[in-house]
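Only one structure is covered here, and it is reproduced in the block below.
The numbers here are math on the coordinates, done by the rules we state, and not lab data. Since we're looking at a predicted model, the values are computed, not measured. Because the Cβ atoms are built from the backbone with ideal geometry, glycine has one as well, and the counts that use them run over all protein chains shown.
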Amino acid sequence: MPLHVYGVTRADVVLPDGLQGLYDAPVTTVADDGLAALVSECPEAPTARRAELMAHARVLEQVVEAQTVLPMQFGMCMPDEPTVRHDLLVAHRPRLGTLLSELDGTVQLTVKVVYREDDALREVLHRSPPLLRMRERLASIPADAAHFKQAEFGQEVAAELERMGSRDGTEILGALAPLCLAHAEGKLLSPYHILNTAFLVRREARTRFDEAVGAIAEQWNEVGTVRYLGPQPPYSFVDLEAGDPAWA
Amino acid sequence: MGLISAILTAPLAPVKGVVWVAEQVHDQAMRELYDPESIQRALDEVQLDRELGRIDEEEADRREDELLERLIEANRGGDPYG
Amino acid sequence: MTVSATQSPNRYVERPAPSSLADVVEVILDKGLVIDIYVRVSLVGIELLTIDARIVVASVDTYLRFAEAVNRLDLKDDGTSGLPELMGDITESGAKGKTSGALEGVKDKASEIFGSDDDEDDEDEKRPPKRRPSSSSTRKRSSSSSSRTRKKAES
């Protein structure tokens, strides 16, 4: 039966009791000379419903609590154990071994900061009395005459919001970067998203990192919300291409 | 420049104009629907709506399923109409 | 909210929260190790909703929405934002130095849009920004791919 692959660990991995993955199938290992792939039986091609996606992530997050695991992208489905052994573990042994060494003793922690729309726009007006006055003037112009001016006003607001977000995002990153080994910026999906960054952090530095994120959440509490995720496997710090690590 | 201003500044084609505009609008809407970033944003919004109690679990799940379907379709190499 | 926090005597400590579906989708569908020929994800087979032909026109519509969002903000009558002033280490001259460029730009634009005026603009120089601004930097928005930052080993 085909095998869904979750990730790669050292062969001495200890899995949590009764660990289940997609479709409630038990998670087992396929080992080869010091490396192990975490797998479970699954149909030919897994569906990507909430249940399957969350199961994949949950397996990885449970394992990473105690040991390093290199996460596979969702949907890696190999026909049988020999294929897993040969096409994954043997074929990519050097790179997998290198990654496991380099990432040993680390976890990924992700910080996302998003402005709340109204609070951020109030802050924009607070910082910019000219914009505040523009708003007042626009209110006194008849709507049909104001259309073009409204668009120009909106453009100014957007620009000021962008400046503010950029400054705040940079400041937050500056506070957290010294506490990590590496960081990887993700996509910012709207003008209100000001940080979306994956941090690679030593396990023993986690408490210190938690405190720093707490301070950020408090400091930006009036305009935004902090979303803090982890510990995660190092999604943003692995790939099968040989290359220099993000940290030296 | 935006789609509407692009259309307005293009040379006029009076006979086919209306049909052409309708097609452009439709194509743009399709691209928007299958844009992974839009889908990701929409997923974030469903989560927020769920947390704030604006929608119930059943509705949240239904919306997420639809978004996931679109996302997988989009990841296969662009939107099916692209 | 999804984040849980505990109030310790001196600090507000944030504990990481479990990932939501949106969080998970962001990482497991295009990050992690992949061998392309073995990626198999099937469609769920859901009937997709029909197209709603609403589109976003990049420039004008977006700016109108910003204007509309700002216009419907509930502000106090005295024109302040209603947010409490923060006590903090905001140095007025540093703040002024860094933000006055932005304010100047906006002021000029305001004159362009509305024509003529104002002697009332003198007051803006006295108002400190709420947060200490950091040095400016350029950031890439969503069109960029994620990038890793190299740095020396943590001490």
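Neighbours of A:Pro79, meaning other residues whose beta-carbon lies under 11 angstrom from its beta-carbon, give a summed charge of -3 when Lys and Arg score +1 and Asp and Glu score -1. For chain A, relative contact order (Cα pairs under 8 Å, six or more residues apart, normalised by length) works out to 24 percent.
The amide H of A:Ala182, built 1.01 Å from its N in the peptide plane, has A:Leu200 as neighbours under 5 Å, considering only residues 5 or more places off or on other chains. Stokes-Einstein diffusion for region A:13-160 at 4 °C, viscosity 1.567 mPa s, with a Kirkwood radius from C-alpha pairs, works out to 64 µm²/s.
In chain A, the calculated helix contribution to ellipticity at 222 nm averages -12500 deg cm²/dmol per residue, counting -39,500 (n - 2.57) for every DSSP H run with n ≥ 4.
From least to most packed, judged by other beta carbons within 10 angstrom and beginning with the fewest, A:Glu41, A:Glu123 follow the order A:Glu41, A:Glu123.
Counting charges near A:Thr29 (Lys, Arg +1; Asp, Glu -1) among other residues having Cβ under 12 Å from its Cβ returns a value of -1.
Between A:Ile194, A:Ile216, A:Ile141, the Gaussian network model of chain A with springs among Cα atoms under 10 angstrom shows the greatest mean-square fluctuation at A:Ile141.
Note on region A:157-248: with charges restricted to the Cβ of Lys and Arg (+1) and Asp and Glu (-1), its dipole about the Cα centre is near 180 debye. Judged by the mean number of other Cβ atoms found within 10 Å, the most tightly packed of the peptides A:71-83, A:227-239 leads the ranking A:227-239, A:71-83. Shown in residue order for region A:221-228 are the 3J(HN,Hα) couplings computed by the Karplus curve 6.51 cos²θ - 1.76 cosθ + 1.60 at θ = phi - 60°: 4, 6, 10, x, 10, 9, 10, 10 Hz (x for Gly and Pro). Going from the residue with the fewest nearby Cβ atoms within 10 Å to the one with the most, C:Ile37, B:Ile55, A:Ile172 rank C:Ile37, B:Ile55, A:Ile172.
Give me a single rounded figure for A:45-55: the average over its residues of other chain Cβ atoms within 10 Å of their Cβ. Taking all residues of A:45-55 together, the mean is 6.
Considering only A:Thr110, A:Leu181, A:Val223, the residue lying farthest towards the positive end of the dipole of chain A is A:Val223, judged by Cα position with unit charges set on Cβ.
Cβ under 11 Å from A:Ala158's Cβ, A:Ala158 left aside: what net charge do those residues give with Lys, Arg +1 and Asp, Glu -1? After counting each charged neighbour, the total is -2. Here, region A:107-237 has an Rg and a Dmax of 18.2, 62 Å when only alpha carbons are counted. For the peptide A:70-80, the mean number of other protein chain Cβ atoms found within 10 angstrom of a residue's Cβ is 6.
Neighbour counting of Cβ atoms within 10 Å sorts the residues A:His183, A:His193, A:His56, A:His147, fewest neighbours leading, into A:His147, A:His193, A:His183, A:His56. Across peptide A:163-174, the average count of Cβ atoms from other chains found within 10 Å of a residue's Cβ is 5. Computed over the alpha-carbon atoms, region A:1-99 gives an Rg to Rh ratio of 0.93, Rh here being the Kirkwood radius from the mean inverse distance.
Built from the Cα atoms of region B:16-75, the convex hull projects on average onto 4.9 nm², one quarter of its surface area. What the Kirkwood sum gives for chain A is a hydrodynamic radius of 20.9 Å, with every pair of different alpha carbons counted.
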